[in-house]
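Report on the following structure.
The values are calculated or read from the model by the stated rules, or taken from the named source; none is laboratory data. Owing to the predicted nature of the structure, the values given are computational and were not obtained by experimental measurement. Counting neighbours? That spans all protein chains shown, and the Cβs are built from the backbone with ideal geometry, glycine included.
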């Protein structure tokens, strides 16, 4: 029998590099059921996080960890909004955005940028 501390250490180690089935770890046979339940719980959480990110378009520049889920990086929605605002502000058909025009006009550009980004994410998920 392993101590609670040893089991928790194994879980932490596995969580950082989950490339094996934790419940089959040698020396932890007496804890197979607990470790199997832990793995399934983690995988369900990772799957839900992945689905949630996919609904937002996923990450633009993902950085993968040991469990193959993107944990950092801007979302595609944010990236697309940044690209849209750059295009909007570079377009000479629009009057230049100046400080005198106030925050309202800037917010309008920002909202339009995210509307474009949301449309790109929606079409990309079809």
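If residue 46 meets every condition in (1) at pLDDT 80 or above; (2) surrounded by 14 or more Cβ atoms within 10 Å (Cβ to Cβ); (3) more than 30 Å from residue 112 (Cβ to Cβ) apart from one, which number is that one?
(1)
Out of curiosity, is residue 58 modelled with pLDDT of 85 or more and under 24 Å from residue 125 (Cα atoms)? Talk me through it step by step, then tell me what you get.
Numbers: modelled with pLDDT of 85 or more: no; under 24 Å from residue 125 (Cα atoms): yes.
So residue 58 does not fit the description; no.
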